[in-house]
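These notes are about the structure you will find just below.
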């Protein structure tokens, strides 16, 4: 659960570091799997009836009970067998196949640093016409920026007027035409909460409706639960299968109204929408229903369809421009300090966005997060996997460890799940030293390394950035003088951000035939102020030039402090042919903050600071402050700032009355 006190955050982090630092071994590739013949049209099989699904789940519950009883009296001896991986089949390199960019399609330019162009991601700030829409601490705000304006306009609760927000986290926001969608998780109501709001051309917000979906918490320290492609909202929700009669907690939806009861939930999944793979893999040690829900927001209501797959509980959710992927993984059972980590069986499911039937293929290991994936334009799925990893749920991505390999498989090999990825499709890779692992596909390369992450800044006089050409597996090592805490695309190149223990470094990485560090800009006495991917933004203004922005904080600040402490400033750097020079900072004024009477989402799990480049203007979102800067002789100067906190809006603009007037 996310709703714990700061002491619990610190304890959980210490446990995370302990587990990660003691689980650093393991070979990745298991004994050779037989590749079963499959026809090109085979897809996953759905259950034919509720009775068939009920029988399957009842039998699974029986086996799980027997396994629990057996484990009470017998110790578990992990299987550990490994073979050397064969060279990975190569394919012609396709320059620019990744398509990562800080932009998306649509009428409004994007202010979100997204993984794929055209696939928007749920965030804390979006652009609608002449207004910025901000989700912060349980409320929605709009700020006018049309023309030369900078003024707060509207503020509403991010929940319905008759909803008690206690125990609910309002995390992500997306905007589709004139609909603002807020996605959160309620421990009180036991599921995903989706709030719909209308925004008019003047920036006024109005609550429309709320829907609840049964699910477990979707939280990930790195990933986002929602995506938007055009008017199509896509979000992922997991549901662990424990009960003998799981229909009592099966994915279901209800429209909220005052006095709503659990009896009003209606199932959104029939048995014919629940799929299972033909391949055999362990569900006894843990199983979950992984549901991807797609909603057409152009209709103005919550018209949604859901598809579910049954698999182990570990998961990573990834959306390419063509398909949704869910990689499911069993728990990696292995003794502490062992270099022979047992490989939990795993499956990756592919759900095409064109509505065609899902497919799957059996795999080994687990990706660390969504950035471990690339569906490339040459028709392959490329995934970096680790042996001691179990997905990105909660903080699992922060403690991934073990052996590593780059898996590369043709999309044509996906079928009904009876086929396994052969050993020849894995390229074994060296594992970096350290527990805070970062990876990213940029252009023709997979880049990865390790840094400080959520922990205290680590002294790092030297570290290695690994660059792998994903089409043929060619490996390059780039030596850096700092750790690797962030990897971002910067045009056709990359920028790596990390600490040496005292200072914050920005290294530009060229990605030609032989990747290398071109320059290293050092911001003395600083640390990252935000760890999530959306905290960074790069705005190109030419083929080899542009400007980047990143929240920074005081030196020596542990990474986990981004949850509770505001950033000190947004730092802006100019990129000129992979050489950086500082443009300046836009600073926060935390001493002027006032009590916002927060009622919900009072910890910034999804961040509180972002650089914004909008229509030639430069902004820094810093908590409740929006600061505008302008360039003078190559330096950024503060032009003005506005505080959009609830106290700074008139009573007439405060909606609804559930927030008491000051």
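Bear in mind these aren't lab numbers, they're just calculated from the coordinates by the rules spelled out. Because the structure is predicted, anything quoted here is derived from the model rather than measured. Here the Cβ positions follow ideal geometry from the backbone for every residue, glycine too, while neighbour counts run over all protein chains shown.
With an 8 Å cut-off on Cα pairs and a minimum separation of 6 or more residues, tell me the relative contact order of the stretch 542-628 in percent.
28
Within 10 Å of each residue's Cβ, count the other Cβ atoms and sort 640, 469 from fewest upward.
640, 469
So between residue 231 and residue 206, what do we pick up on full extension, going 0.36 nm a residue minus the alpha carbon distance?
Result: 7.0 nm gained on full extension.
Let's test the formula: R0 of 45 Å, r as the Cβ-Cβ distance of residue 188 and residue 433. What FRET efficiency results, to the nearest 0.05?
Taking R0 as 45 Å, the efficiency between residue 188 and residue 433 is 0.55.
Working out 0.36 nm times the residue gap between residue 148 and residue 305, then minus their Cα-Cα distance, what length gain in nm do you get to one decimal?
52.3 nm
I'd like the distance between the alpha-carbon centres of the stretch 188-212 and the stretch 404-457, rounded to an integer number of Å.
Each part's Cα centre sits 37 Å from the other's.
Taking the simple approach of a point 7 Å from Cα along Cα-to-Cβ for both residue 615 and residue 598, what is their distance in nm?
3.1
If we count other beta carbons within 10 Å of each Cβ, what is the order of 537, 619, 56, fewest first?
With the fewest neighbours first, 537, 619, 56 line up as 56, 537, 619.
Which ordering of 258, 232 is given by a fewest-first count of other beta-carbon atoms within 10 Å?
The most exposed by this proxy come first: 258, 232.
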